[in-house]
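Asks: Structure provided below as structure tokens; questions to follow.
The values are calculated or read from the model by the stated rules, or taken from the named source; none is laboratory data. Predicted model, so just to flag it, every value in this text is computed and none were measured. Note that each Cβ is placed from the backbone with ideal geometry, even for glycine, and that neighbours are counted across all protein chains shown. Accessible surface is based on the protein model in full, side chains and every heavy atom, while ligands, DNA and RNA are left aside. Shrake-Rupley method; radii C 1.70, N 1.55, O 1.52, S 1.80 Å.
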There are 4 protein chains.
Amino acid sequence: MLEITPTPVAVLGASGYTGAELLRLLAAHPHVDAAFLGVHDAAGSSVGQVFPHLAPYADRTFEPLDALDQASVEAAFVALPAGRSAAVVTDLVDAGVRVVDLGGDFRLGEEDYPDWYGFDHPAPAWLDKAAYGLTELFRPQIVDAPLVANPGCYPTPVLLGLAPLVEAGQILPAGIVVDGKSGISGAGKAPTQTSHFASLDGSVQAYRIGRHQHTPEMERAMRAATGVDLRLTFVPHLVPTVRGIVTTCYGRVSPTARPADLAATLEHRYADEPFVRVLLGGPVPDPKRLTGTNVCELSVHVDERAGMAVVVGAIDNLGKGAAGQAVQNLNLMFGFHETDGLATIGVYP
Amino acid sequence: MLEITPTPVAVLGASGYTGAELLRLLAAHPHVDAAFLGVHDAAGSSVGQVFPHLAPYADRTFEPLDALDQASVEAAFVALPAGRSAAVVTDLVDAGVRVVDLGGDFRLGEEDYPDWYGFDHPAPAWLDKAAYGLTELFRPQIVDAPLVANPGCYPTPVLLGLAPLVEAGQILPAGIVVDGKSGISGAGKAPTQTSHFASLDGSVQAYRIGRHQHTPEMERAMRAATGVDLRLTFVPHLVPTVRGIVTTCYGRVSPTARPADLAATLEHRYADEPFVRVLLGGPVPDPKRLTGTNVCELSVHVDERAGMAVVVGAIDNLGKGAAGQAVQNLNLMFGFHETDGLATIGVYP
Amino acid sequence: MLEITPTPVAVLGASGYTGAELLRLLAAHPHVDAAFLGVHDAAGSSVGQVFPHLAPYADRTFEPLDALDQASVEAAFVALPAGRSAAVVTDLVDAGVRVVDLGGDFRLGEEDYPDWYGFDHPAPAWLDKAAYGLTELFRPQIVDAPLVANPGCYPTPVLLGLAPLVEAGQILPAGIVVDGKSGISGAGKAPTQTSHFASLDGSVQAYRIGRHQHTPEMERAMRAATGVDLRLTFVPHLVPTVRGIVTTCYGRVSPTARPADLAATLEHRYADEPFVRVLLGGPVPDPKRLTGTNVCELSVHVDERAGMAVVVGAIDNLGKGAAGQAVQNLNLMFGFHETDGLATIGVYP
Amino acid sequence: MLEITPTPVAVLGASGYTGAELLRLLAAHPHVDAAFLGVHDAAGSSVGQVFPHLAPYADRTFEPLDALDQASVEAAFVALPAGRSAAVVTDLVDAGVRVVDLGGDFRLGEEDYPDWYGFDHPAPAWLDKAAYGLTELFRPQIVDAPLVANPGCYPTPVLLGLAPLVEAGQILPAGIVVDGKSGISGAGKAPTQTSHFASLDGSVQAYRIGRHQHTPEMERAMRAATGVDLRLTFVPHLVPTVRGIVTTCYGRVSPTARPADLAATLEHRYADEPFVRVLLGGPVPDPKRLTGTNVCELSVHVDERAGMAVVVGAIDNLGKGAAGQAVQNLNLMFGFHETDGLATIGVYP
């Protein structure tokens, strides 16, 4: 591709962990320029004060969200707290700016918001306009979308692993269990008693048992991807790591499926995908290996004694689980190589 | 209790993590003396060389197993690698020494050993003589037993949590899933690529998916405790902590059970137990809180949308999951207070 | 000792990490009862809500500081933030309550407070009345003191290691360097950006370089213990652990001292001390080994090429560095066994 | 630069952590191709088996060292255990292959090897031919060198920080103390009791006190860089992190130097260096921020009370402390941009 000037994009919510990861990725992106760094708090600080690791941005200033001249950018990444995105995003799209929203404001149906997020959605008419940005499953919808709802961290490996198997009828939809394990960076930068090192080191804790807002997101996206309606039980756990998610999914195997069929389904489905790695017979997915990448590792196992399939997925929650996938979607939307600016080799060990 | 001389016991396998924890506990035990410290390797080393933290034992010597004069002890803790216990244990019991075996050699049925441990059991006639040492569930069998098979680490919180609910018919036996998360100390002291800090820090890894030897142990003990036959799917995970296990169990709720019934069952069952803490409506079980204790924390939750019960358990795998429960069993076997030498307040944070 | 009723003590500042550790230790103390749990914030909460690990105290309530009936206790542990202790402590002592103050309000000279703590001392006349509670070095002053200023965490291993060697003239006082490494629990329970798991995991950070308030404390106590005046350079570092401090001290060796002399000095000085362990020729001090104990490990090494002595110390900062030493001092003040309620075997690994 | 075909290089010792990091960096290098992957053990394994994170190399095979056709490569990175490099390296250079040796076999004088490495150097005539590869200090020697001895991890930040200040006479050479803190990856991939997660988590340990082989390396390079002869005391510590080193150096300030002079010296010295960041008045160096980069952060502080300068340095020990600096040197040797293939933004948090 011959490109003279890079595409200017805004990063709104640039002072959080996801924002910082976007800036790190964009610094190495051949075709995109992070032209505006907006924040809903801490405006006026320099990037160097908040994120000393982002040395190339050290003297840039975090600006208030409303200082953005919408005509100056072609796209925007929006990484704002739940409930803060909707108004910002709709304004941007109305002004012709294409948006990848990394929050939860456009991922569910209108009826889900009161129960799972605790508020009525302020712009329900927009919910059907947003493409769900799980790239490998919804590429046709994303490519021309004015607005992409980037998936939550947990749903990404769960859906990449389960959707092809449910669609193929190899895993039965009833009674699926999703057990998630995540590092703390997914909970954001604000310090709390939970994120205190002395609380988390040595700890493993289930939380929001059966009540996590990624539950309806998984169900809705599963329906959109496969046509299958299901209700799953999801229990996330916080483990003492910074980056990385492992999801372990349990579902009954169809009586007509042989164990090798499930592996074949995944292998075939993702054979040409640069960011999905199906592991067969060797190491199991491990997010440590994926630090800093946009890769999702998957494996599938069948417990024949119990008739149960186990699908394991791993990602870097700030990579494929947030900023990485957002850049992948932008690449798709703007016709760049889908791998531009994205790593496939993790920083390991 | 008026006791003039402490009861002399042997610790066989004293140079591993479980052995060290036994020595730590026995040093504070009012009625027991660790009279013999046997090892299957490293004989001749001083305790101080191998475990500098065990300062009161610093000048004691690890002796070869066969140096034990069986007449000199009344009981023995045996913490030897899988397959190494059987011969040692049967000799001891034949000589009148009461044994708590912390390995897996007496926990299963004869038919299970080839499949799950990879060897034919050398003394199958003994398998039915061993009491299964999950204290709270099998107290009557333990009190007079010559040989107690101390439970595996994972089965302890799983069975304490699930057995009363399955027995009460509140959780249905079909399709139960057990997702375990454990620190590395459960894998022993020998250094491996897996236990290398650079491998484990930042990692979460499923292992022996559907093939872990604690699976038949849980099923067999469940049958013994409740009369219910079931096949469960068990996936353990290694997380970057040293001590501590969390087990998250998923089972379908009986259509006739209300959510509060499950909590009531657990609460009632363990109301008088000093080492089982049922948490209701507040914090969820967290092994960090239990470091160094013999306590198991439990909670139960019902995902009504999906008709699924979630039972969470936590222990210190070297405490209630190994050495602590072994001491609890010894206390029961010898008529000491069941809490002698055992802590209920964890070292926290 | 024959004691019918335990000695009632107050714990003021019971909702912090040091307070919690005091409660843990007192629960196992044979002669002391934690009769009052006072806090400067969070009054009204139950202990169970704030510290679920302190199960035996679960239903006790944290009370406001001024709810204490001073006549109801014989002693008080005061663990309040810097600047908050002085008024509380002087009131207690005036009322006849013997106090161990775990903060910094009585450790320095009047002239030091503006520079190092940023305030003028409100009760300077009291500064000379407080015994400095480094038990092994100041036992005669502590035994009858109405008020004991429990040492800071860093000064404890530094002074135990250096004072005998400086006093013996084996280490020269000019140019001593103290490099400290501490876990996060020493910084308290309040969550901050620094204590966020995502900030600290993988990090090693020097802080308050040359400006830490433990610098004048070490100098003043060194003068009191040895008669030697010196100025040292102290740089503390935060490392990603919860409990534990290592201090590495560097000082020029006297030209007349042989390397073995330094080891002999420490060994001889602490031969009969239950809580100081001098390690010679084997493992170096490691706080991991001391988790939950009141022990200080020391070692000394001479770099003959450079004429430099290196003195390494390790403690559990919440044990010998705070709550443990406070209980040791109380034991001394009330004529209990100095080891009552205190562990010497750490929870390891 | 217009380059049609990438430069073929060998990586010898490719199965260790340093080898893996070289492969990660070379995969993103615009002008270099890792044409041969040699190992001294594990030959025959695929890269995918040993390092699943190196997905682009998954099907490449680790070959025995002697399978290398020296005519097929223009350069070689050699990352072999101490004592194993010398013969391999001299052969390569004799065959016209330019070498960056990442081990210690060419860093010291002949007389140092028996004392510090425990063997007589097998090819002492070569010791003066090797350029010392601390890029910023020895660029003129490196650019044309047939053989570059890449520095040890600890010496890198120590020398970058101290050399300009010693050379300027602002820090006096007598009595300098270097206190190092390192993550475990510097000790290599082979599992040992020390690198066991259960040993290291929660631990801080001094090791090889005054006897670490980087001591003479620092002294020799300091003499080469500044003309100043000195003897320093170096104590390294192992801390529970994977990547990252912090070095805290203490030296007496010249009576004629003002504090601001030291900062100015460093700032001026490294103003144009892309991989050295001098931090003034803000955050102190922290290796967490440098994960995956080739950057060294430095700061300098003066403790005026004690007349002592404190120079703090931080690097990623596998980056600027090993593989990163090796690539930087290769870039310099082959006329590539010195920053090719090297990151300056760390993966954070």
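Asks: Can you find, within region B:198-214, the residue that is farthest from A:S299 (Cα to Cα) among those that are at the interface with chain A (Cβ under 8 Å from one of its Cβ atoms) and of a type in the set (S, T, N, Q)?
Replies: In this case the residue turns out to be B:S199.
Asks: I would also like to ask the following. Would you check which residues across region A:317-349 are within 12 Å of another protein chain (Cβ to nearest Cβ) and closer than 26 Å to A:I171 by Cα and list them?
Replies: Correct list: A:N317 only.
Asks: Here's a follow-up. Only residues that are farther than 30 Å from D:H29 by Cα and either in contact with a Phe, Trp or Tyr (Cβ under 7 Å, 6 or more places away or on another chain) or within 11 Å of chain C (Cβ to nearest Cβ) (or both): list them for region D:278-298, please.
Replies: Listed by number, the residues that qualify are D:P283, D:V284.
Asks: Out of region A:134-149, which residues are farther than 14 Å from A:G161 by Cα and among the β-branched types (V, I, T)?
Replies: Listed by number, the residues that qualify are A:I142, A:V143, A:V148.
Asks: While we're on this one: Is region B:49-58 home to any residue that is of a type outside the set (A, V, I, L, M, F, W, C), modelled with pLDDT of 95 or more and in contact with a strand residue (DSSP E or B) (Cβ under 7 Å, 6 or more places away or on another chain)?
Replies: no
Asks: Taking region B:24-43, which residues are within 11 Å of B:F62 (Cβ to Cβ), out of contact with any Lys or Arg (no Cβ under 9 Å at 6 or more places or on another chain) and modelled with pLDDT of 95 or more? Walk me through how you get there before you give the answer.
Replies: Let us first name the residues in region B:24-43 that are within 11 Å of B:F62 (Cβ to Cβ), namely B:36-43.
Now restrict to residues that are out of contact with any Lys or Arg (no Cβ under 9 Å at 6 or more places or on another chain): B:36, B:38-39, B:41-43.
B:F36, B:G38, B:V39, listed by residue number.
Asks: Specify the residue that is least open to solvent (accessible area, probe 1.4 Å); the eligible residues are those in region D:171-189 that are among the charged types (D, E, K, R) and within 28 Å of B:V239 (Cα to Cα). Working first, answer last.
Replies: Looking only at region D:171-189, we keep the residues that are among the charged types (D, E, K, R), and these are D:179, D:181, D:189.
Remaining after also requiring within 28 Å of B:V239 (Cα to Cα): D:181, D:189.
Working: D:K181: 0, D:K189: 49 Å².
Filtering first and then ranking leaves D:K181.
Asks: Next question, about the same structure. With B:A306, B:A263, B:A322 as the choices, which residue is under 30 Å from D:G202 (Cβ atoms) and small (G, A, S)?
Replies: B:A322
Asks: Among the residues of region A:127-141, write down those that are surrounded by 19 or more Cβ atoms within 10 Å (Cβ to Cβ), not in a loop (DSSP other than H, G, I, E, B) and not small (G, A, S).
Replies: Result: A:Y132, A:T135, A:E136, A:L137, A:F138.
Asks: Got at least one residue in region D:158-165 being closer than 18 Å to D:S85 by Cβ and open to solvent by less than 10 Å² (accessible area, probe 1.4 Å)?
Replies: No, the conditions are met nowhere in region D:158-165.
Asks: Hand me the list of strands (runs of 3 or more DSSP E) wholly inside region A:190-307 holding 2 or more residues that are open to solvent by 10 Å² or more (accessible area, probe 1.4 Å).
Replies: A:276-278, A:296-303
Asks: Which residue is farthest from the other protein chains (Cβ to nearest Cβ), if the candidates are limited to region D:48-74 and must be touching a helix residue (DSSP H, G or I) at 6+ places or on another chain (Cβ under 6 Å) and open to solvent by 60 Å² or more (accessible area, probe 1.4 Å)?
Replies: That would be D:R60.
Asks: Restricted to region C:112-126, and to residues that are more than 25 Å from C:A190 (Cα to Cα) and assigned to a helix (DSSP H, G or I), which residue is most open to solvent (accessible area, probe 1.4 Å)?
Replies: The extreme case among them is C:A125.
Asks: Name the one entry in D:V295, D:V284, D:V302, D:V276 that is more than 19 Å from the chain's Cα centre (by Cα) and within 20 Å of D:D316 (Cβ to Cβ).
Replies: One residue alone meets the criteria, D:V284.
Asks: Return the only residue of C:S85, C:S45 being under 23 Å from C:A27 (Cα atoms), of a type in the set (G, A, S) and either open to solvent by less than 50 Å² (accessible area, probe 1.4 Å) or more than 14 Å from chain B (Cβ to nearest Cβ) (or both).
Replies: Details: C:S85 fails: under 23 Å from C:A27 (Cα atoms).
It is C:S45.
Asks: Does region D:322-339 hold any residues that are open to solvent by less than 20 Å² (accessible area, probe 1.4 Å) and closer than 21 Å to A:L54 by Cα, and which are they?
Replies: Answer for region D:322-339, where residues must be open to solvent by less than 20 Å² (accessible area, probe 1.4 Å) and closer than 21 Å to A:L54 by Cα: D:G324, D:Q325, D:Q328.
Asks: Can I ask one more? Taking the stated definitions as given, is C:V97 surrounded by 14 or more Cβ atoms within 10 Å (Cβ to Cβ), among the hydrophobic types (A, V, I, L, M, F, W, C), closer than 30 Å to C:W116 by Cα and within 24 Å of the chain's Cα centre (by Cα)? Step through it out loud before you land on a result.
Replies: On the way: surrounded by 14 or more Cβ atoms within 10 Å (Cβ to Cβ): yes; among the hydrophobic types (A, V, I, L, M, F, W, C): yes; closer than 30 Å to C:W116 by Cα: yes; within 24 Å of the chain's Cα centre (by Cα): yes.
Judged against the criteria, C:V97 is a match.
Asks: Still on this structure: Tell me which residues, restricted to region B:13-42, are within 12 Å of chain C (Cβ to nearest Cβ) and touching a Ser or Thr at 6+ places or on another chain (Cβ under 8 Å).
Replies: Passing the criteria: only B:Y17.
Asks: Still on this structure: Count, please, the residues in region D:297-312 that happen to be more than 14 Å from C:R231 (Cα to Cα) and acidic (D, E).
Replies: Of the residues in that region, 1 qualify.
Asks: Also, I was wondering about something else. So which of C:G103, C:G109 ends up being farther than 26 Å from C:D41 by Cα, part of a loop (DSSP other than H, G, I, E, B) and either in contact with a Cys (Cβ under 7 Å, 6 or more places away or on another chain) or modelled with pLDDT of 95 or more (or both)? Lay out the reasoning, then the answer.
Replies: Values: C:G103 fails: farther than 26 Å from C:D41 by Cα.
The unique qualifying residue is C:G109.
Asks: Oh, and also: Can you work out which of the residues in region B:145-157 that are assigned to a loop (DSSP other than H, G, I, E, B) and not small (G, A, S) is surrounded by the fewest Cβ atoms within 10 Å (Cβ to Cβ)?
Replies: The extreme case among them is B:P146.
Asks: If B:A10 meets every condition in (1) open to solvent by less than 40 Å² (accessible area, probe 1.4 Å); (2) within 14 Å of another protein chain (Cβ to nearest Cβ) apart from one, which number is that one?
Replies: With (1) open to solvent by less than 40 Å² (accessible area, probe 1.4 Å); (2) within 14 Å of another protein chain (Cβ to nearest Cβ) applied to B:A10, the lone miss is (2).
Asks: Name the residue, out of D:S46, D:S72, D:S85, that is touching a Ser or Thr at 6+ places or on another chain (Cβ under 7 Å), among the polar types (S, T, N, Q) and more than 26 Å from D:V295 (Cα to Cα).
Replies: D:S46
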